[in-house]
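Okay, structure first, notes after.
The values are calculated or read from the model by the stated rules, or taken from the named source; none is laboratory data. From a predicted model like this one, the values you see are computed outputs, not experimental measurements. Heads up, the Cβs are rebuilt from the backbone with ideal geometry, glycines too, and the neighbour counts pull from every protein chain shown. We work out accessible area using only protein heavy atoms, side chains counted, and drop any ligands, DNA or RNA first. Shrake-Rupley method; radii C 1.70, N 1.55, O 1.52, S 1.80 Å.
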Amino acid sequence: MDKLELVMRNTEEIVTVDELKGLLEKPSRPRAYVGYETSGKVHLGHMLTANKLLDLQRAGFDVVVLLADLHAFLNEKGTLEEVRQIADYNRDCFMALGLDPERTEFVYGTDYQLQPDFMLKILQMARNTSLNRARRSMDEVSRNAENPMVSQMIYPLMQAVDIADLKIDLAVGGIDQRKIHMLAREELPRLGLPAPVCLHTPLIPGLNGEKMSSSKGNNIAVDEPAQDVEKKIKSAFCPAKVVENNPVLAICKYHVFPRMEAGMTISRPEKFGGDVHYDNYEQLEADFVSGAMHPMDLKKACADCMIEILAPVREKMKV
């Protein structure tokens, strides 16, 4: 897999591919970043973008991880003290997921977002951004989307200026970040600042087949005990032959195969076909859709793989 294929795999959208190719051709290392709201446990949804950061490091990018404590505070996720404590926990989890410590920079939002120069850029952008535009940008990530606070309208402006102040070439996030990233691409040049290339990953379904949400408990934290990971995956929504909104297949596609280069082996009794090995996700999906792979066999193998993949996080976090 060449650098472009590595960066583009398992992505929902890249704005734009030609600009991304230009970054890969730069003589110096380009800088990519993800901002994580420090509002709770790191789970498989966050891990999807962390996997992409690993791909980017292998492709030659330096990575910046913004531990967005001030963003979390503005989005009503806790006091400043609470979100800063969660930020420290987040940092340890992301390192345990395999990021290269020599090429990963962790930045706390409160370290620079309260500086006069940063705030002046926010005010300048506020003069160019309508209230409706700011609100639309927050639709997918706002805690109180129906009745947002003024603080939540500042959030997308800050996220745009983050990209400029951290000297980011490639902004990475889930597809729910798209509207905020497009705001940054349009508005930063009006301040005389470069527009970022944007890479968006899909949103994987929660374990019940619905939208993943920490409040619904339909996800898996990266530091959960092995027995809990196994129990959750074995009870997950996984209708036979169905791909759409199937969280078990999504975990295999976006977590197992990118991290297990040797592929995935599913163990079965001989009377049910015996063991079968898959070199790639497409082979697995084809067998599942045809009915050749039973959901319970898939779940067991998926759980075993995820327990192995997450072992370094459990060890570091002592769970």
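Using alpha carbons only, how many degrees (0 to 90, rounded to 10) separate the axis of helix 295-309 from the longest principal axis of the chain?
50 degrees
Quick one: accessible area per residue over region 205-319, 1.4 Å probe, rounded to a whole number of Å²?
I get 50 Å² per residue for region 205-319.
Using a 1.4 Å probe over the heavy atoms of the protein chains, calculate the carbon and sulfur portion of the accessible area of the chain as a whole percent.
50 percent
For residue 277 and residue 100, what is the calculated FRET efficiency with R₀ set at 30 Å and r taken between the beta-carbons, to the nearest 0.05?
0.55
Using only helices, what value at 222 nm comes out for the chain when you add -39,500 (n - 2.57) per DSSP H run of length 4 or more and divide by the total residues, to the nearest 500 deg cm²/dmol?
So the helix-based figure for the chain works out to -13500 deg cm²/dmol.
Suppose we keep just the DSSP beta bridges with both residues in the chain; what percent of those would be antiparallel, to 5?
Bridges in the chain that DSSP calls antiparallel: roughly 30 percent.
If each residue of separation counts as 0.36 nm, what is the full-extension length gain between residue 92 and residue 289 once their alpha-carbon separation is subtracted?
67.1 nm
Over all pairs of distinct alpha carbons, what does the Kirkwood formula give as the hydrodynamic radius of the chain, in Å?
About 20.6 Å, per the Kirkwood formula over Cα pairs.
Would you please classify the overall shape of region 230-278 from the alpha carbon gyration tensor, given that a ≥ b ≥ c denote the square roots of the eigenvalues, rounded means a/c under 1.5, and beyond that prolate means a/b larger than b/c while oblate covers the rest?
oblate
Among 208-215, 108-115, how do they line up from the highest to the lowest mean number of other beta-carbon atoms within 10 Å?
108-115, 208-215
Select from 298, 233, 277 the residue farthest towards the positive end of the dipole of region 214-317; place +1 on Cβ of Lys and Arg, -1 on Cβ of Asp and Glu, and compute about the Cα centre.
Most positive-ward Cα: 233.
How big is the dipole moment of the chain about its Cα centre under a simple scheme where the beta carbon of each Lys and Arg is +1, that of each Asp and Glu is -1, and everything else is neutral? Debye, nearest 20, please.
Result for the chain is approximately 480 debye, rounded to the nearest 20.
Residue 124: net charge of surrounding residues, Cβ under 10 Å, Lys/Arg +1, Asp/Glu -1, itself excluded?
Result for the local shell: +2.
Counting other Cβ atoms within 10 Å of each Cβ, which GluC sites (Glu not before Pro) in region 17-67 have at most 11 and sit in a DSSP loop?
When the GluC sites (Glu not before Pro) of region 17-67 are filtered for loop state and at most 11 Cβ neighbours within 10 Å, 25 remain.
Output the 0 to 90 degree angle, nearest 10, between the alpha-carbon long axis of helix 150-165 and the longest principal axis computed from the alpha carbons of the chain.
The answer is roughly 90 degrees.
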